[in-house]
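A short write-up of the structure that comes next.
Every number in this text was worked out from the coordinates using simple rules, so none of it is lab data. Quick caveat: nothing in here was measured; it's all calculated off a predicted structure. Note that each Cβ is placed from the backbone with ideal geometry, even for glycine, and that neighbours are counted across all protein chains shown.
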């Protein structure tokens, strides 16, 4: 599948909450394939429906080719650890812009696979951070909103200069 166009910051779609997926069919599988191809072309390690203008609760993560592709439909976090960690984050919708974000180090979450089967899993460290980041995106929370106003304003100003 060809890579799709990525919605760029500050598009309002990036701050719009997504609707749950209710139909698990070939169209959903094609969307997942398109997301994977688009993420690899970007490049990135995670992508959601909103990044390509599809407001559906679909996440694709690939930390490495060896690690494999993870697809989460309608993911929701059930539990966060009290222990946190700092991780440099960015977005395929804001290429080149990164900043450290503090998030819970471990999570337990529920999701469906592309067939609609329900699963529960735990994630730690970088994978947990990625899942939280992408679920935020599905909830209409762009990663910049996790930064202090000062850091956010500084980063946006710097990023805007690179876009002209």
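Here the residues 39, 30, 85, 94, ranked from fewest to most Cβ neighbours within 10 Å of their Cβ, fall in the order 30, 85, 94, 39.
Going by C-beta contacts inside 10 Å, put 160, 89 in order with the fewest on the left.
Numbers: 160 12, 89 21.
Sorted ascending by nearby Cβ count, the order is 160, 89.
For segment 12-162, the normalised intensity computed at q = 0.09, 0.17, 0.19, 0.21 Å⁻¹ comes to -0.27, -0.99, -1.24, -1.49 (log10 of I(q)/I(0), Debye sum over alpha carbons, equal scatterers, no solvent).
Per residue of the chain, the DSSP helices (runs of n ≥ 4 H) give a summed -39500 (n - 2.57) that works out to -8500 deg cm²/dmol at 222 nm. Which of these, 55, 138, 147, has the largest mean-square fluctuation under a Gaussian network model of the chain (Cα springs below 10 Å)? Sorting by GNM fluctuation, first place goes to 147. Here the Gaussian network model covers the chain, with springs between Cα atoms less than 10 Å apart; of 50, 75, 12, 12 fluctuates the most.
At q = 0.15, 0.20, 0.25 Å⁻¹, what log₁₀ I(q)/I(0) does a Debye calculation on the Cα points of segment 1-73 give, no solvent, two decimals? Calculated log10 I(q)/I(0) at the listed q: -0.46, -0.82, -1.22.
Note on the chain: GNM, Cα springs under 10 Å; of 128, 41, 17, the largest mean-square fluctuation is that of 41.
As a rough footprinting exposure proxy, the listed residues 72, 111 were ranked by other beta carbons within 10 Å of their own, and the order from fewest upward is 111, 72.
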